[in-house]
Every structure is written in C-alpha cells, then in structure tokens.
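Colleague: Shown below is the structure under consideration.
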Amino acid sequence: MVGRKGTERAFGMVLHRSGGFTLLEVLVSLAVLGIALTVVLQIFSANLRNLSAAEDTVYAAAKAAVRMREILDHDALSETRWSETTQDGYSMDIAVSETLNDRTGNLPVRLLQVDLTIHWSRGTREKSLTIRTIKTVERS
C-alpha cells in the first residue's frame, strides 16, 4: 500500500524511501570494486615480471651475439672448446667443431660449427640461451 508521498506500507511497517543507497548496497559495491582492483594489480604485476624476464633474455642474446662476432672475426679459428665468465655474471660455453666433413671433403674449404651457450641466473632459476653458426675456413 502506498501512503503519503515517499513512504510505503508493508506488513504494518512504514518504509521511507529516499534517493540514496543502503548500507548493504554500498558494501557489496565496495567488495566488487576491491576484487576488480586486485585482479587488475595482479595482471600489472605479472606483466612487469614478464617484461623483466624478456629484458634479461634480450640482454643475454645481445651479449652472446657480440661474443659470437668476436669469435668469428678470428682468422685462425680451429676446433676447440672453452668456457669463460663475464664481469657481469654471465658464463659462456663455446665449442668449435668441424661439421659436414663428408660433404666438403673434396672442397678447398672446411666448415666449422660454432656453438655458444650463455648462462645467467634469474632469482633462483638458471637460464640459458644457445646460438649456433657455421664459418668457412680454408683447408691447411
């Protein structure tokens, strides 16, 4: 039943209606907002971690490419294997080996395969990246 303007009668009680929100509505909306903000912040946090990991990988790849170029610039490259550590904590394993000898046996050149594996730590995890190339050298 509707009585005076702005009031309703239900089960013998007079209910006053105004234009505002009830306490329950405010609490529910705050809970939904809190959950939404938590999800958004977790997404941003995950993206920041992924960006940091990608930056580490790109830096390691650039460092490995520079070292590979230095190795390939040596004219007296021969079959060998060695390891080295950089000042900033990266370690590299380099292996030079002759490859495809059965296909190049009658040619005046031989093919040397250069494998470079760079290792670094990210927190408690060990990461690594391997790059490989082939260089032609004259037979001696």
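Colleague: Kindly provide the set of residues from segment 10-24 that are open to solvent by 100 Å² or more (accessible area, probe 1.4 Å) and modelled with pLDDT under 60, ordered by number.
Modeller: Passing the criteria: none in range.
Colleague: Can you find, within segment 41-79, the residue that is surrounded by the fewest Cβ atoms within 10 Å (Cβ to Cβ) among those that are touching a strand residue (DSSP E or B) at 6+ places or on another chain (Cβ under 8 Å) and β-branched (Val, Ile, Thr)?
Modeller: 57
Colleague: Against the definition (open to solvent by 100 Å² or more (accessible area, probe 1.4 Å) and small (Gly, Ala, Ser)), how does residue 140 come out, yes or no?
Modeller: For residue 140, the condition - open to solvent by 100 Å² or more (accessible area, probe 1.4 Å) and small (Gly, Ala, Ser) - is met.
Colleague: Please go through segment 25-40 and pick out each residue that is open to solvent by 80 Å² or more (accessible area, probe 1.4 Å) and modelled with pLDDT under 90.
Modeller: Once the filter is applied, which keeps residues that are open to solvent by 80 Å² or more (accessible area, probe 1.4 Å) and modelled with pLDDT under 90, segment 25-40 yields only 25.
Colleague: Go through segment 82-107 and give me each residue that's among the charged types (D, E, K, R) and surrounded by 15 or more Cβ atoms within 10 Å (Cβ to Cβ).
Modeller: Correct list: 93 only.
Colleague: For the list (1) touching a Lys or Arg at 6+ places or on another chain (Cβ under 6 Å); (2) assigned to a loop (DSSP other than H, G, I, E, B), I need the number of the one condition that residue 77 fails.
Modeller: (1)
Colleague: Return yes when residue 110 is open to solvent by less than 50 Å² (accessible area, probe 1.4 Å), among the basic types (Lys, Arg), modelled with pLDDT under 90 and in contact with a Lys or Arg (Cβ under 8 Å, 6 or more places away or on another chain) and no when it is not.
Modeller: Spelling it out, residue 110 is indeed open to solvent by less than 50 Å² (accessible area, probe 1.4 Å), among the basic types (Lys, Arg), modelled with pLDDT under 90 and in contact with a Lys or Arg (Cβ under 8 Å, 6 or more places away or on another chain).
Colleague: Out of everything in segment 90-140 that is of a type in the set (A, V, I, L, M) and in a loop (DSSP other than H, G, I, E, B), what residue ends up being nearest to residue 54 (Cα to Cα)?
Modeller: Per the criteria, the residue is 100.
Colleague: Give all pairs with beta carbons closer than 6 Å in which a residue from segment 38-60 that is under 16 Å from residue 122 (Cα atoms) meets a residue that is modelled with pLDDT under 85 and surrounded by 10 or more Cβ atoms within 10 Å (Cβ to Cβ); count only pairs at least 6 apart in sequence or on separate chains.
Modeller: Qualifying pairs under 6 Å: 56/122.
Colleague: Assuming residue 41 fulfils every condition listed in (1) in contact with a helix residue (DSSP H, G or I) (Cβ under 9 Å, 6 or more places away or on another chain); (2) of a type outside the set (Val, Ile, Thr); (3) farther than 30 Å from residue 135 by Cβ apart from one, which condition is it?
Modeller: In the conditions (1) in contact with a helix residue (DSSP H, G or I) (Cβ under 9 Å, 6 or more places away or on another chain); (2) of a type outside the set (Val, Ile, Thr); (3) farther than 30 Å from residue 135 by Cβ, residue 41 misses (1) alone.
The values are calculated or read from the model by the stated rules, or taken from the named source; none is laboratory data. Keep in mind the model is a prediction, meaning the values are calculated, not measured. Ideal geometry is used to build each Cβ from the backbone, glycine not excepted, and the neighbour counts take in all protein chains shown. Each accessible area value is taken on the protein alone, full model and side chains, heavy atoms only, with ligands, DNA and RNA left out. Shrake-Rupley method; radii C 1.70, N 1.55, O 1.52, S 1.80 Å.
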